[in-house]
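The values are calculated or read from the model by the stated rules, or taken from the named source; none is laboratory data. These numbers were taken from a predicted model, which means no experiment stands behind them. Every residue, glycine as well, gets a Cβ built from its backbone with ideal geometry; the counts of neighbours run over all protein chains shown. What goes into the accessible areas is simple: the full protein's heavy atoms, side chains included, and nothing from ligands, DNA or RNA. Shrake-Rupley method; radii C 1.70, N 1.55, O 1.52, S 1.80 Å.
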Amino acid sequence: MAKVILKNVSKVYPNSVRAASNVNLEVRDKEFLVLVGPSGCGKSTILRMIAGLEDVSEGEIYIGERLVNEVPPKDRDIAMVFQNYALYPHMTVRQNLTFALRLHKHPPKVIEERVSKTAEILGIFDLLDRKPRALSGGQRQRAALGRAIVREPLVFLFDEPLSNLDAKFRVQMRTEIKKLHQRLQTTMLYVTHDQIEAMTMGERIAVIKEGRVQQLSTPALLYHQPVNKFVAGFIGSPPMNFFEGKIDCREGNLYFQGASFQIKVSRLHVNRLDSKEGKEVTLGIRPEDIYPVKSPDTSGGGAAKPLFNGAKLLNRMNLNTSSKEENIVRSKLELIEPMGAETFLSFSVGKESFNVRLESAQIAPEKLKVGENIDLIFNSERCHYFDPRSEEAIV
Ligand code: ADP
């Protein structure tokens, strides 16, 4: 069993920077947990305290059942993989792999077995006698992983191991590390500032801001039920759109009244927003929850028709014609970014701008023109609402 538990852990550096505040975290046995947050939020500090490379100012860290606050790094039974590989340049890959094992005086037979097993797992048999300078970035990264694997640690700690790699290779290594986790069935804690890396790799993700854990949950829950505006804006690309406004009540219906448009509050959210009547709220909506429809004036004045083949989506939204119109926001198309399978569109309404994300197959990009006004349906069922002061989620 190799859980990692942090209880009320804080770190204040000698220069008084408070890099971690009251962090409570449990990495479960065999779990792949990701710490994600913007640069400087304290992710590496947390990881380094677990590794024993930084003292803990307050709180307790357990690896397995053992309190490790006072245990030196080499005795913590962890292996760390860094961004800069940290391979010894004058040693071959084999020597790099075996260095720690020799230091710990493992018998040569055990060392040989572990090196073979690791080389097989990573497919690096041909590289064992090369020095790091004769390896590509990816091969070096594999050698660095190998050095961690041969030690058969209780816990792997990764500190942004892929940020030096080019985009294509990064995606490949992501998959490799995930496969490695499945194969080794070992507890892994992975630090990154890249939310896509976090979402694709983590079984659970802890989002960190200013040294504090904001939310710890599965990728799906983080995405669909963010606890605050920070998490909502950090996870997802392009990010969630935010609009300031207030809740109005007219004829028994609740509306979000923004600076330049209004949205009828979905019946799913009415209970939570009832008490907010007349109060300011922040509306959040993801780019994929806004759909373009043909402007009534260009479609002959009839009912709004989807510009894309989105009838199913509209049915799923369960909107009748009148409520559809109530959730239509006429907006100016500012930018088209074809991404292949998807197309990103930037719009403006009044002084506000926002992003829309569509599957390219659902639109006819040639029908879109920058500068034209397009009617967009905001899927009110998918709207999020936040308190503008505390930034905590209301819905
Ligand atoms: P992240 O890994 O999220 O980028 P870090 O843990 O490296 O963040 O840093 C968190 C905060 O602590 C930052 O403000 C950083 O400047 C500060 N910090 C990191 N290391 C030290 C150190 N050795 N001494 C003083 N301040 C530090």
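Of note:
- Put simply, the amide H of K209, placed in the peptide plane, has neighbours under 5 Å in Q214, leaving out anything fewer than 5 places away on its chain.
- For the pair T200 and E244, the difference between a 0.36 nm per residue extended length and the Cα-Cα distance amounts to 12.8 nm.
- P(r) for the chain, from all Cα pairs and a bin width of 20 Å, is 24, 44, 26, 6, 0 %, short bins first.
- Once C-alpha pairs closer than 8 Å and six or more residues apart are averaged by separation and normalised to the residue number of the chain, the relative contact order reads 15 percent.
- Computed [θ] at 222 nm, helices only, for the chain once each DSSP H run of length n ≥ 4 contributes -39500 (n - 2.57): -7500 deg cm²/dmol
- Extending 7 Å from the Cα toward the beta-carbon at both E342 and Q262 defines two label points whose distance is 3.2 nm.
- Ranking V227, V155 from most to least accessible surface, computed with a 1.4 Å probe over the protein chains only, gives V227, V155.
- Which of I374, I121 is most accessible, then next, and so on - probe 1.4 Å: I121, I374
- Dipole magnitude of segment 111-204, debye to nearest 20 (Cβ charges: Lys/Arg +1, Asp/Glu -1, about Cα centre): 120 debye
- Mean-position separation - Cα centroids, segment 86-137 and segment 222-246, in angstrom: 44 Å
- Förster-model FRET efficiency, 56 Å R0, E392 and K109, C-beta, rounded to 0.05: 0.45
- Of the residues N271, N69, N84, the one that moves most in a GNM of the chain with alpha-carbon contacts below 10 Å is N271.
- Percent accessible area from carbon and sulfur atoms, the chain, protein chains only, probe 1.4 Å: 48 percent
- Solvent-accessible surface of the chain, taken per residue with a 1.4 Å probe and all protein chains present: 48 Å².
- Accessible-area value, I5, 1.4 Å probe, nucleic acids and ligands omitted, Å²: 30 Å²
- For L103, the accessible area of its heavy atoms, probed at 1.4 Å with every protein chain present, is near 120 square angstrom.
- If the chain linking L368 and M91 were pulled fully straight, counting 0.36 nm for each residue of separation and taking away their Cα-Cα distance, it would gain 93.9 nm.
- Using the Karplus relation 6.51 cos²θ - 1.76 cosθ + 1.60 with θ = phi - 60°, the per-residue 3J(HN,Hα) values for segment 282-289 come to 10, 8, x, 9, 6, x, 8, 9 Hz, with x marking Gly and Pro.
- Sequence of S44, S353 from largest to smallest accessible area, 1.4 Å probe: S353, S44
- Heavy atoms of F82: accessible area, 1.4 Å probe, square angstrom to 10: 60 Å²
- Spacing of the modelled spin labels on N15 and N164, each 7 Å from Cα toward Cβ, amounts to 2.3 nm.
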